[in-house]
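Visitor: Below is a structure I'd like to ask you about.
The values are calculated or read from the model by the stated rules, or taken from the named source; none is laboratory data. Predicted, not measured: the structure shown is a model, and the values here were computed from it. Positions of Cβ are backbone-derived with ideal geometry, glycine not excepted, and every protein chain shown enters the neighbour counts.
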Amino acid sequence: MNPLSSSVAQPGPPLWLLAELTYRCPLHCAFCYNPVDFARDDTELSTDDWLRVLREARAAGSVQCGFSGGEPMMREDLEVLVAEAHRLGYYTNLLTSGVGLSAERAAALKAAGLDHIQLSFQDSTRELNDFLSHTRTFELKQQVAARIKEQGWPMVMNVVVHRLNIDYIGQIIDMAVALGAEYLELANSQYYSWALLNRDQLLPSREQLQRAERITNEYRERLGDRIKIFFVVPDYYETRPKKCMNGWGNVFLTVTPDGTALPCHTAKMLPGLAFPNVREMGLREIWYESEGFSRYRGDAWMKDPCRSCPDKEKDLGGCRCQAYMLAGDPAAADPVCDKSPAHDKVSAAVARAQQPGTPGAPLIFRDPRESRRQAGCAD
Ligand code: SF4
Ligand code: SF4
């Protein structure tokens, strides 16, 4: 059957829709995953555009919808979008810093059918949380955690882990338990976007990582079923890359605030690829026919060492963005792989991370002005 002729909402690719509603965010995290040049273009899709995207993605087969940003609470129409996603039958997830999640809006989102909230914290102490986000948000996040519990959502907490907070992993877990979290994701920063700018300040040493994993395992044993703790290692400490996004154009579709459709949320950086916009093309056509979604599907695009590698099915050559950022070629093997000719870039960063102390250069915090400066735009 021609996939373009079907309009039945059977589950099928793209199973996951990530709706990046806005790049506006009151926080300024030094590891932010938004593009460094996010402020180059501040246009945002209208409510009607997003409603159409939700319907088209569902008709194409999407079953999970994540609302993220920036801070998605900055959109006043969030409740409308969640209600439509719920009506269409998606499992809905909100990824938030908590800023803007008042008691009234929490109740409205519950009434709209929101299934799941993931609340991010930067650290277990006010000082470090507020330093890393460059805002005073620690108490507010605690209040939001209580609101999430009050509304009966599972409490899912996410903390990005790096050199500056990894030594407090035990306190972070204690905080998650005290706030009644059922799930805690200790996600080591991956080095893209703002985190790549700050990599030397953020990449932990091997000793820090091993200690954090050991402490996490001790807590897991002690706490049993009370809380499920995930610990995600930075891929710089691996010798094989991850199967990025579970394969290019396989499962995930991201729509950025201005309507650009991407196979992953950082792919817009890749040179020589025109990504379609949902204002100009339907989602089925984007998924099945656009060059942006086809270029790195499967393995026909691979060069050696991936092309002749027995492991190519396992990881599909890793991440195209990391290949571009570190090897300068989006069709190269991900330099995390120790068979990559550019693996020395990763090894050198890891070697620097073994030096004691914190590198002297100041952290670069994410904000629109810095973004324009990094993009070379006049302010
Ligand atoms: S990582 Fe921090 S700055 Fe970036 S969108 Fe999330 S809360 Fe905002
Ligand atoms: S050479 Fe390529 S396919 Fe083989 S393990 Fe490395 S990244 Fe994966």
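Visitor: Let me spell it out: the conditions are (1) away from ligand 2 (no atom under 13 Å from the Cβ); (2) surrounded by fewer than 16 Cβ atoms within 10 Å (Cβ to Cβ), and LYS268 meets all of them except one. Which number is the exception?
Guide: Just one mismatch for LYS268, condition (2).
Visitor: Residues LEU140, LEU202, LEU186: which one is within 13 Å of ligand 1 (Cβ to nearest atom), touching a residue at least 12 places away in the same chain (Cβ under 8 Å) and surrounded by 19 or more Cβ atoms within 10 Å (Cβ to Cβ)?
Guide: LEU202
Visitor: Now for a different question. Go through (1) at pLDDT 95 or above; (2) under 30 Å from ASP48 (Cβ atoms); (3) of a type in the set (S, T, N, Q) for SER340 and report which single condition fails.
Guide: Failing condition for SER340: (2).
Visitor: Continuing with this model, one more query. Can you work out which of the residues in segment 365-379 that are of a type in the set (Asp, Glu) and modelled with pLDDT of 85 or more is farthest from CYS32 (Cα to Cα)?
Guide: So, considering only residues that are of a type in the set (Asp, Glu) and modelled with pLDDT of 85 or more, the one farthest from CYS32 (Cα to Cα) is GLU370.
Visitor: Out of VAL99, VAL63, VAL80, VAL53, which single residue is more than 13 Å from ALA19 (Cβ to Cβ) and out of contact with any Asp or Glu (no Cβ under 9 Å at 6 or more places or on another chain)?
Guide: Residue meeting the stated conditions: VAL63.
Visitor: Would you please name the residue that is farthest from PRO356 (Cα to Cα), looking only at residues in segment 146-176 that are among the small types (Gly, Ala, Ser) and surrounded by fewer than 23 Cβ atoms within 10 Å (Cβ to Cβ)?
Guide: GLY152
Visitor: Restricting to segment 249-305, count the residues that are without any contact (Cβ under 8 Å) to a residue 60 or more places away in the chain, among the hydroxyl-bearing types (Ser, Thr, Tyr) and not in a strand (DSSP E or B).
Guide: 3
Visitor: Please determine whether any residue of segment 211-231 is within 20 Å of the chain's Cα centre (by Cα), closer than 15 Å to GLN322 by Cβ and buried (at least 18 other Cβ atoms within 10 Å of the Cβ).
Guide: The answer is no; no qualifying residue exists.
Visitor: Does segment 306-327 hold any residues that are within 8 Å of ligand 2 (Cβ to nearest atom) and either closer than 20 Å to GLY292 by Cβ or touching a residue at least 60 places away in the same chain (Cβ under 8 Å) (or both), and which are they?
Guide: ASP311, LYS314, ASP315, LEU316, GLY317, GLY318, listed by residue number.
Visitor: Do we have any residue at all in segment 106-129 that's part of a helix (DSSP H, G or I), of a type in the set (Lys, Arg) and modelled with pLDDT under 95?
Guide: Among the residues of segment 106-129, at least one is part of a helix (DSSP H, G or I), of a type in the set (Lys, Arg) and modelled with pLDDT under 95, which makes the answer yes.
Visitor: Within segment 19-57, take every residue that is away from ligand 1 (no atom under 16 Å from the Cβ) and in contact with a strand residue (DSSP E or B) (Cβ under 6 Å, 6 or more places away or on another chain) and give me the one that is farthest from SER68 (Cα to Cα).
Guide: ALA57
Residues are listed down the side, and each one gets a yes or a no for (1) touching a Pro at 6+ places or on another chain (Cβ under 9 Å); (2) polar (S, T, N, Q); (3) closer than 21 Å to GLN190 by Cβ:
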| position | (1), (2), (3) |
| --- | --- |
| ALA274 | no, no, no |
| LEU283 | yes, no, no |
| SER290 | yes, yes, no |
| LYS339 | yes, no, yes |
| HIS343 | yes, no, yes |
| THR358 | no, yes, yes |
| LEU363 | no, no, yes |
| GLY376 | no, no, no |
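Residues are listed down the side, and each one gets a yes or a no for (1) part of a helix (DSSP H, G or I); (2) over 25 Å from the mean Cα position of the chain (by Cα):
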site: CYS337; (1), (2): no, no
site: ALA349; (1), (2): yes, no
site: PRO356; (1), (2): no, yes
site: GLY360; (1), (2): no, yes
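Visitor: Kindly list, by first and then second residue, each pair from a residue in segment 340-363 that is within 15 Å of ligand 2 (Cβ to nearest atom) to a residue that is among the small types (Gly, Ala, Ser), limited to pairs with Cβ atoms under 6 Å and residues at least 6 apart or on different chains.
Guide: Hits for this filter: SER340/ALA333; ALA342/ALA327.
Visitor: Could you check how many residues of segment 355-379 are over 30 Å from THR22 (Cα atoms) and out of contact with any Asp or Glu (no Cβ under 8 Å at 6 or more places or on another chain)?
Guide: 5
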